[in-house]
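J.: Could you have a look at this structure, given as structure tokens, before my questions?
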Amino acid sequence: MIQKIDHIGIAVRSIEDAVKLYTDALGLTVQDIEVVEAHKVKIAMIPVGDSKIELVESTDPEGRIAKFIDKRGEGLHHLALEVSDIEAALDSLKAKGIPLVDEKPRSGAGETKVAFLNPTGTNGVSIELVEHKKVNTIAQQADK
Ligand code: ZN
């Protein structure tokens with residue numbers, strides 16, 4: 001069910017400020033900066049090998065990330081696991097009684113489907129499931 005650690009989400013007050021550590025100091029490259037209106041966040045994706053660091057800045061003082069930072073300060077926000085089939089993963093977790101924030105997947109950054117587990121059931125770590133759009137599969141089907 002789980003493919004890999006897709007990314008690690010870090011809540012920051014300002015992507016512009018925070019990104020300097022990862023680029024100037026650590027020598028990584030930002031792949032993408034995207035505003036996801038539905039989640040009231042701006043996201044910078046920084047690839048690290050097969051995984052990514054996701055810097056998350058709130059675009060709304062009432063948003064989930066703004067509230068997180070108000071309460072706990074900037075820092076580690078969530079761990080994202082890649083799954084091949086997010087609906088099946090959610091059904092399986094539901095059947096096992098794992099508390100979920102999202103019963104149904106939402107659309108996330110970069111054409112993904114995402115869903116969060118409820119941290120009450122995950123030792124306080126917010127876990128996000130991510131399913132990437134299957135570009136290869138679609139391309140292969142188009143060839144036929
Ligand atoms: Zn994320």
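The values are calculated or read from the model by the stated rules, or taken from the named source; none is laboratory data. If you're wondering where the values come from, they're calculated on a predicted model, not measured in any experiment. Heads up, the Cβs are rebuilt from the backbone with ideal geometry, glycines too, and the neighbour counts pull from every protein chain shown. Surface accessibility is based on the protein's heavy atoms, side chains included, excluding ligands, DNA and RNA. Shrake-Rupley method; radii C 1.70, N 1.55, O 1.52, S 1.80 Å.
J.: If each of Leu28 and Ala95 carries a label point 7 Å out from its Cα toward its Cβ, how far apart are those two points in nm?
T.: Between Leu28 and Ala95, the label points sit 3.6 nm apart.
J.: Sticking with this structure for a sec: For Val35, what residues show an amide H to amide H distance below 5 Å, using hydrogens built from the backbone and excluding near sequence neighbours?
T.: Under 5 Å from the amide H of Val35 lie the amide H atoms of Ile43, each far enough along the sequence or on another chain.
J.: How many Å² of accessible area per residue for segment 41-110, probe 1.4 Å?
T.: Heavy-atom accessible area per residue stands at 52 Å².
J.: I would also like to ask the following. Listed here are the pairs Lys71/Lys133; Lys20/Lys113; Lys20/Lys104; which of them are more than 32 Å apart at the Cα?
T.: In this structure, Lys71/Lys133; Lys20/Lys104 exceed 32 Å between Cα atoms.
J.: With +1 on each Lys and Arg Cβ and -1 on each Asp and Glu Cβ, and nothing else charged, work out how big the dipole of segment 1-86 is about its Cα centre, in Debye to the nearest 20.
T.: Dipole about the Cα centre, nearest 20: 300 debye.
J.: Could you compute the net charge surrounding Ala44? Neighbours are other residues with a C-beta less than 12 Å from the C-beta of Ala44; K and R count +1, D and E count -1.
T.: Within the 12 Å Cβ shell, the charges total -3.
J.: Here's another thing I want to ask about it. Counting C-alpha atoms alone, how compact is the chain: give Rg to one decimal and Dmax as a whole number, in angstrom.
T.: So, for the chain, Rg and Dmax equal 15.8, 53 Å respectively.
J.: Using alpha-carbon positions, what is the distance between the centroids of segment 10-55 and segment 89-109, in Å?
T.: If we compute the Cα centre of each part, the gap is 25 Å.
J.: Can I ask one more? Step through the residues of segment 106-118 one at a time and calculate ³J(HN,Hα) from phi using the Karplus curve (6.51 cos²θ - 1.76 cosθ + 1.60, θ = phi - 60°), rounding each to whole Hz and writing x for Gly and Pro.
T.: My calculation for segment 106-118 gives 10, 7, x, 5, x, 6, 10, 10, 10, 7, 9, 7, 7 Hz in order.
J.: Separate question: Between Leu21 and Asp70, what FRET efficiency follows from the Cβ-Cβ distance if R0 is 25 Å, with the result rounded to 0.05?
T.: Calculated transfer efficiency: 0.70.
J.: Related question: Can you tell which of Ala25, Val83, Val12 lies farthest toward the positive end of the dipole of the chain, using +1 and -1 charges on the Cβ of basic and acidic side chains (Lys, Arg; Asp, Glu)?
T.: Val83
J.: In debye to the nearest 20, how big a dipole does segment 2-143 give about its Cα centre with +1 on each Lys and Arg Cβ and -1 on each Asp and Glu Cβ?
T.: Computed charge dipole of segment 2-143: roughly 400 debye.
J.: May I pose another question? Per 10 Å bin, what percent of the C-alpha pairs of segment 86-125 does each bin hold, from zero upward?
T.: Calculated over all Cα pairs of segment 86-125, the distribution is 31, 52, 17 percent.
J.: In whole percent, how big is the carbon plus sulfur part of the accessible area of the chain, probe 1.4 Å, protein atoms only?
T.: In the chain, the share of accessible area belonging to carbon and sulfur is 52 percent.
J.: Starting from the Cα of Glu62, step 7 Å along the direction of its Cβ; do the same at Ser14; then give the gap between the two resulting points in nm.
T.: 2.6
J.: Could you work out the helix-only [θ] at 222 nm for the chain, with each DSSP H run of four or more residues adding -39,500 (n - 2.57) and the total divided by the number of residues, to the nearest 500 deg cm²/dmol?
T.: Helix-only estimate at 222 nm: -6500 deg cm²/dmol.
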